[in-house]
Amino acid sequence: MSFTATASSPALLIVDDDPDVLRALGFMADTRGFRVDRCTSAEEALAASAARGPFDCMIIDEKLPDQPGIDLLEGLRGRGVPAPAVLITTAPSAHLRRRAAALGAPIVEKPLLDEALFTEVLRLLRRD
C-alpha cells in the first residue's frame, strides 16, 4: 500500500552518506506517507534541522563522512532538537549502544530490513 505525503504527514529526516541506502530509505518512507528530508552528512543534517525542522523522527547512519552519527545526534540534542531518532549501523559496540540508549535512540542493525526499521520509527512516533 502506498500513501501520499501531505502537510500534516510526519516529517522524517534521513541521514546516510551511501546514495543507494539514502534512496532506498527515502523511497520506503515516501511510500509510507512520510514527508522526507534526505541528507548525506552531519553538516547537511544540522543545516536541514535549522532551516526545515522540526522533524517528527530521524534516521541517522552511524558512519557519516564528517562525524559519527551518535555525535550528530548529541549535537542535535544540544541544539534543542527533541525528535526521536533511530541509529543505523553494522555491528554496534557496547559503548555505542550505551551512548545511544542514553539519548533514547534505538539501534537498528544493517543490513536493514525495512519492516524492522519502520516498525521502530512508528513505535517512536507513537511514544510522543
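Overview of values
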| item | result |
| --- | --- |
| DSSP bridge orientation in the chain - percent antiparallel, rounded to nearest 5 | 5 percent |
| The chain: relative contact order in percent, alpha carbon pairs under 8 Å with at least 6 residues between | 21 percent |
| Shape of segment 79-118, Cα gyration tensor, a/c cut at 1.5 | oblate |
| Positive-end residue, the chain charge dipole about Cα centroid, Cβ charges, pick of Leu46, Leu25, Leu76 | Leu76 |
| Computed [θ] at 222 nm, helices only, for the chain once each DSSP H run of length n ≥ 4 contributes -39500 (n - 2.57) | -13500 deg cm²/dmol |
| Total formal charge among the other residues, if their Cβ is under 10 angstrom from that of Lys63, Lys/Arg +1 and Asp/Glu -1 | -4 |
| Student exercise, the chain dipole from Lys, Arg, Asp, Glu Cβ charges, in Debye to nearest 20 | 480 debye |
| From the coordinates shown, Kirkwood radius over Cα pairs in Å corresponds to which of [x] 15.3; [y] 16.9; [z] 14.4 | [z] |
| Trypsin sites (Lys or Arg not before Pro) within segment 1-100: DSSP coil, no more than 15 neighbouring Cβ in 10 Å | Arg79 |
| Carbon plus sulfur fraction of accessible area for the chain, probe 1.4 Å, in percent | 56 percent |
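The values are calculated or read from the model by the stated rules, or taken from the named source; none is laboratory data. Here the structure is a predicted model, which is why all the values come from computation and not from measurement. Ideal geometry is used to build each Cβ from the backbone, glycine not excepted, and the neighbour counts take in all protein chains shown. Ligands, DNA and RNA are stripped out before the accessible areas are found, and what is left, the full protein with its side chains, is counted by its heavy atoms. Shrake-Rupley method; radii C 1.70, N 1.55, O 1.52, S 1.80 Å.
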